[in-house]
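Inspection log for the structure reproduced underneath, given as structure tokens.
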There are 2 protein chains.
Amino acid sequence: MSEQRTEITTLGEFGLIEHLTKNFETHNASTVLSVGDDAAVIDHFGKQTVVTTDLLLEGIHFDLMYTPLKHLGYKAVMVNLSDVYAMNAQPTQITISIGISNRFSVEAITEFYEGVHIACEKHGVDLVGGDTSSSQKGFVISVTAIGEVAPDKFVKRSTAGVGDLICVSGDLGGAFLGLTLMEREKKIYLENPGVQPDLEDESYIVGRLLKPEARKEIISFFAENNITPTAMMDVSDGISSDVLHLCKQSVVGCRIYEEKLPISDESRRAAFKFGLDPTVCALNGGEDYELLFTLKQEDHDKITLNEDISVIGYVVDINEGSKLLTKGGNTFDITAQGWTAFKES
Amino acid sequence: MSEQRTEITTLGEFGLIEHLTKNFETHNASTVLSVGDDAAVIDHFGKQTVVTTDLLLEGIHFDLMYTPLKHLGYKAVMVNLSDVYAMNAQPTQITISIGISNRFSVEAITEFYEGVHIACEKHGVDLVGGDTSSSQKGFVISVTAIGEVAPDKFVKRSTAGVGDLICVSGDLGGAFLGLTLMEREKKIYLENPGVQPDLEDESYIVGRLLKPEARKEIISFFAENNITPTAMMDVSDGISSDVLHLCKQSVVGCRIYEEKLPISDESRRAAFKFGLDPTVCALNGGEDYELLFTLKQEDHDKITLNEDISVIGYVVDINEGSKLLTKGGNTFDITAQGWTAFKES
């Protein structure tokens, strides 16, 4: 180890990746797009290949106490397919590597793979390889997804233009509310192991957490209606953080309307029950795996009939900043740690 | 979890993978070769793409007590490139995901990436993506490598034919002897922390362990001399285990000559020092990352001038079994747990 010691937290995840990869140059003409987007793009004579990978670690990304293994397998695939769709591409193959300790039985791992299988079937994706290894402690999952896209039809994060509409698919905050519920139920269970949780009324938010769906139909809708977003990424960290990320990469600012944020009735009800502001949950809750994209204004008519797409704001010059316009007529800076910042305002 | 509990050890790694992936069917015409070889093959209109992935876990695959992070980064890339070469393909891109606990500083991770960078530069490979995540404990590394191969020029493990020559590149057992040395030095150090290890005389075997080289030049040699092996895989588990694996997939048996096993002088010397049989080390030591391949007999003349390739045996009918012919004229069954079995004979 070197003598100097800089804590990783001082750089943050994106800063760290930037720091680590800045000396890497591209050698292959086939490398069309490299580090820094939802996926990389590789040219293959007539079609372009998209590659993305995710690492999921027990205790960091999932809690086996309330995550059935079948759901975990399903979700591990979905979060990667979501990255492929976020490039405007179609997923075709995945590889999956797992590290497992001997506390897992063959039956348990089989359940995990059943979830993987259902996800693959649903999206017409082939499992083509992987690696199975023992781990000392904890369950480790690494998935790589490969997809294809017509030449130069892939959509990056860095190409949003001033005046573009900012859109999002589906609704926001549900997965975070599902997580809040599960963490609360876990705490109750640990204190009173006899009490069985009743999650029936909350199946929507629990499903949003445990069984996210990669938005294939949105990409199909784009293809059918001849729509090419100007920029796109998937919503994994929370829309406020992800909007900022897209704006930063596109070197633009934004205006987001609080009242336009799509929030389901189920999420609203759950938020009130937990004493949380639904808007804050929608802005800062992660893991929704919806698609965030920007669109030229002249394409607006093409999306109005799709009830699954909401226009939540528009792109402005970088000097105008990234701001949320509230229902009450106030303006707040959007921050990646929007949760705290917004509450303090 | 299911009611039944089958221990993973009852199936073994390959049995487990077979069990888990047996229900997965192929949907995409582009999926040329799926699970079960060094890498998968994907068709991309004129070129074929090869994909392979490996998961490396601290405490299972590496010990940071004697593995410098720069070497670890280098090795994590090499073991994946080795799988690409083992398909007779050229690696072009990699993705790398890491999970790190807060005991690692930015400087430490930067060292790791320096090793990744050197490996990429050496093989003309582009780092195109990845994922950086915190881990609760231990260092987790997942690498996926992508390569390309001319249509149908990829070489599988399952296509060796009776009468083919069995060949291996480089020499065997060195990495295992390096590991034996490092484990011994670690034990000495833990007992007497003041003693500094002197590894200078053992740089060859230490290098074989810590800095393996994927055999690009062997694949180039094949291309230059118009050689296509009938079957190929890389030597990662040990030649006895890997030969059995290739034979099983090709539904054939083999004869291996003890005296033909390539063993370096340095490895021989180290083996004697540790009281080990060099042949046993060569047969059962893993992580050599050499190429094991079979060749039609008529191609024999094409390889005789390459001193880096040894013919170690030949392929026989499956009914004749897989056997080692010793210098002393004895015949032993080759077993995947050859270490024990061979010593007991």
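The values are calculated or read from the model by the stated rules, or taken from the named source; none is laboratory data. What you are looking at is a predicted structure, and each value in this text was computed from that prediction instead of being measured. Every residue, glycine as well, gets a Cβ built from its backbone with ideal geometry; the counts of neighbours run over all protein chains shown.
Points to keep in mind about this one:
- From the list A:LEU177, A:LEU165, A:LEU181, the lone residue that is touching a Leu at 6+ places or on another chain (Cβ under 6 Å) and closer than 30 Å to A:LEU261 by Cα is A:LEU165.
- Any chance A:ASN23 is more than 25 Å from B:ARG5 (Cα to Cα), in a loop (DSSP other than H, G, I, E, B) and in contact with a Lys or Arg (Cβ under 7 Å, 6 or more places away or on another chain): no
- Apart from one condition, B:ALA223 fits all of (1) assigned to a helix (DSSP H, G or I); (2) over 30 Å from B:TYR257 (Cα atoms); (3) not acidic (Asp, Glu); the exception is (2).
- Apart from one condition, B:ARG5 fits all of (1) out of contact with any Gly (no Cβ under 6 Å at 6 or more places or on another chain); (2) facing another protein chain (nearest Cβ under 7 Å); (3) within 19 Å of B:GLY129 (Cα to Cα); the exception is (3).
Let's see how each residue does on (1) buried (at least 24 other Cβ atoms within 10 Å of the Cβ); (2) among the aromatic types (Phe, Trp, Tyr); (3) assigned to a strand (DSSP E or B); (4) in the same structural domain as B:LYS323 (by TED's automatic domain parsing):
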{"position": "B:ASP237", "(1), (2), (3), (4)": "no, no, no, yes"}
{"position": "B:SER240", "(1), (2), (3), (4)": "yes, no, no, yes"}
{"position": "B:GLN249", "(1), (2), (3), (4)": "no, no, no, yes"}
{"position": "B:ARG255", "(1), (2), (3), (4)": "no, no, yes, yes"}
{"position": "B:GLU259", "(1), (2), (3), (4)": "no, no, no, yes"}
{"position": "B:CYS281", "(1), (2), (3), (4)": "yes, no, no, yes"}
{"position": "B:GLU298", "(1), (2), (3), (4)": "no, no, no, yes"}
{"position": "B:LYS302", "(1), (2), (3), (4)": "no, no, no, yes"}
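- Residue match in the range B:202-224 (condition: surrounded by 20 or more Cβ atoms within 10 Å (Cβ to Cβ), more than 20 Å from B:THR279 (Cβ to Cβ) and among the polar types (S, T, N, Q)): no
- Within the range B:44-63, the presence of at least one residue that is on the phi > 0 side of the Ramachandran plot, in contact (Cβ under 8 Å) with a residue 40 or more places away in the chain, within 7 Å of another protein chain (Cβ to nearest Cβ) and in contact with a strand residue (DSSP E or B) (Cβ under 9 Å, 6 or more places away or on another chain) is confirmed.
- Which numbered condition A:GLY15 misses (of (1) more than 7 Å from every other protein chain (Cβ to nearest Cβ); (2) under 30 Å from B:LEU20 (Cα atoms)): (2)
- Count - residues of the range B:105-124 that are under 23 Å from A:ASP38 (Cβ atoms) and more than 7 Å from every other protein chain (Cβ to nearest Cβ): 1
- Options B:ARG215, B:ARG269: the member that is of a type in the set (D, E, K, R) and more than 30 Å from B:PRO151 (Cα to Cα): B:ARG269
- Identity of the residue in the range A:286-296, in contact with a helix residue (DSSP H, G or I) (Cβ under 8 Å, 6 or more places away or on another chain) and under 9 Å from A:PRO229 (Cβ atoms), that ends up surrounded by the fewest Cβ atoms within 10 Å (Cβ to Cβ): A:LEU295
- If the condition is being more than 22 Å from A:GLU111 (Cβ to Cβ) and facing chain A (nearest Cβ under 7 Å), then the range B:18-33 contributes B:THR26, B:HIS27, B:ASN28, B:SER30, B:THR31.
- Within the range A:296-333, tally of residues that are of a type in the set (S, T, N, Q) and within 12 Å of A:LEU165 (Cβ to Cβ): 3
- When residues of the range B:43-81 are limited to those that are assigned to a loop (DSSP other than H, G, I, E, B) and of a type in the set (Phe, Trp, Tyr), the one surrounded by the fewest Cβ atoms within 10 Å (Cβ to Cβ): B:PHE45
- Any hit, the range B:82-96, residues being assigned to a strand (DSSP E or B), hydroxyl-bearing (Ser, Thr, Tyr) and either surrounded by fewer than 20 Cβ atoms within 10 Å (Cβ to Cβ) or touching a residue at least 12 places away in the same chain (Cβ under 8 Å) (or both): yes
- A:SER250 being within 26 Å of A:SER158 (Cα to Cα) and small (Gly, Ala, Ser): yes
- Scope the range A:125-181; condition among the aromatic types (Phe, Trp, Tyr) and over 28 Å from A:LYS296 (Cβ atoms); matching residues: A:PHE139, A:PHE176
- Complete set of residues in the range A:304-320 that are of a type in the set (Val, Ile, Thr) and in a helix (DSSP H, G or I): A:ILE318
- Given (1) over 30 Å from B:LYS260 (Cβ atoms); (2) surrounded by fewer than 21 Cβ atoms within 10 Å (Cβ to Cβ), number of the condition B:THR159 does not satisfy: (1)
- Qualifying residue in the range B:12-32 (condition: of a type outside the set (A, V, I, L, M) and either touching a Pro at 6+ places or on another chain (Cβ under 8 Å) or surrounded by 24 or more Cβ atoms within 10 Å (Cβ to Cβ) (or both)): no
- Scope the range B:97-107; condition at pLDDT 90 or above and either in a loop (DSSP other than H, G, I, E, B) or in contact with a Leu (Cβ under 6 Å, 6 or more places away or on another chain) (or both); matching residues: B:SER97, B:GLY99
- Scanning the range A:125-156 for residues that are of a type outside the set (A, V, I, L, M) and more than 8 Å from every other protein chain (Cβ to nearest Cβ) turns up A:PHE139, A:GLY147, A:PRO151, A:ASP152, A:LYS153, A:PHE154, A:LYS156.
- Among the candidates B:ALA336, B:ALA341, residue that is of a type in the set (Gly, Ala, Ser), farther than 14 Å from B:VAL168 by Cβ, modelled with pLDDT under 95 and within 21 Å of the chain's Cα centre (by Cα): B:ALA336
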